[in-house]
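Presented below is the structure to which this report refers.
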Amino acid sequence: MKYLFASFVFFLGIQVWSQGTADKVVGKWYTDDKETIIEIYKRGNKYYGKIVWLKEPYEDGKPKIDDENPDPKLQNRPIMGLQLLQDFVYDRNSNQWNNGTIYDPKSGKTYDCYMWFESPSELNIKGYVLGMKF
């Protein structure tokens, strides 16, 4: 009985630790150019990200809009608050967040995407096409 209980506690400890590892992506992150801050948050068991700060939020005195979006109905939505990252799931075997997408408001395109930590303070996000991670 003690052995079974010890195994259960050990398994529970791994689950709690891996969940903590998965959630370390949650927070606010600067982009490389320091022009934007993306807030990554968790909803259910998936991770999402939205723009919460722009160095230059206005263009011609008006809030920047998603004018490169291929859907004309979405071209007037503001860039501030725009959800860029969607549906990421943490894979503890690869230590990556996979199966997500990233929307690029500069081009209006959406790419398959994955994320990983290069160092404790450096989150890498990489988009790809045709299912091929280079």
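Which lysines, if any, have their Cα less than 29 Å from the Cα of Lys55, not counting same-chain residues under 8 positions apart?
Lys24, Lys28, Lys34, Lys42, Lys46, Lys64, Lys73, Lys106, Lys109, Lys126
How much length would be gained if the chain were fully extended between Trp116 and Gln75, taking 0.36 nm per residue of separation minus their Cα-Cα distance, in nm to one decimal?
The span from Trp116 to Gln75 would gain 11.7 nm if fully extended.
What is the sum of charges, Lys and Arg at +1 and Asp and Glu at -1, for the other residues whose Cβ falls under 12 Å from the Cβ of Ser107?
Values: positive: Lys106, Lys109; negative: Asp66, Asp67, Glu68, Asp104.
Residues close to Ser107 contribute a combined charge of -2.
Taking N as the number of residues in the range 63-128, what value does Rg over Cα atoms divided by 2.2 N^0.38 Å take?
1.28
Values in this text are rule-based calculations from the coordinates and carry no lab data. Computed from a prediction, not measured in an experiment: that's the story for all the values here. Don't worry about glycine lacking a Cβ; one is built from the backbone with ideal geometry, like all the others, and counts go over all protein chains shown.
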